[in-house]
Amino acid sequence: MKTSKYYASNAKARAKKAEYDTEYHSTKERKKYRAYLNKKNRKAGTYGNGDGKDYDHDELRMIPASRNRAKK
């Protein structure tokens, strides 16, 4: 909550973070990781069906996306 308020009020910092995020998420490792998660999602039959579930590599199963993102 503090972080989002900070970035909302500091355009320069927000731009710097966006630049970093773009660079980070375009690395080979991140692309490979996203491909792996998509593969698991397809295998489970939940890819693109709008059920709101993600593959959790810690629990090794499909869980609601909101729970998966909240626990990180």
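So here's what we get for this one:
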{"item": "Å² per residue, accessible surface of the chain at 1.4 Å", "result": "85 Å²"}
{"item": "Compactness index (Cα Rg / 2.2 N^0.38 Å), the chain", "result": "1.38"}
{"item": "Sequence-distant residues sharing a close amide H with Asp54 (under 5 Å, placed H)", "result": "Ile63, Ala65"}
{"item": "Relative contact order (%) - criterion: Cα under 8 Å, at least six apart; region: the chain", "result": "14 percent"}
{"item": "Accessible surface of the chain, 1.4 Å probe, proportion on carbon and sulfur as whole %", "result": "54 percent"}
{"item": "Gyration tensor (alpha-carbon) shape descriptor, segment 33-72, a/c threshold 1.5", "result": "oblate"}
{"item": "Separation in nanometres of the label points that stand 7 Å from Cα toward Cβ, at Ser9 and Asp51", "result": "4.3 nm"}
{"item": "Cβ charges +1 (Lys, Arg) and -1 (Asp, Glu), total dipole of the chain, debye", "result": "100 debye"}
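The values are calculated or read from the model by the stated rules, or taken from the named source; none is laboratory data. Worth saying up front: this structure is predicted, and the values here are computed from it rather than measured. All Cβ positions, glycine included, derive from the backbone under ideal geometry; neighbour counts span all protein chains shown. Quick note on the areas: whole protein, heavy atoms, side chains included, nothing else; ligands and nucleic acids left out. Shrake-Rupley method; radii C 1.70, N 1.55, O 1.52, S 1.80 Å.
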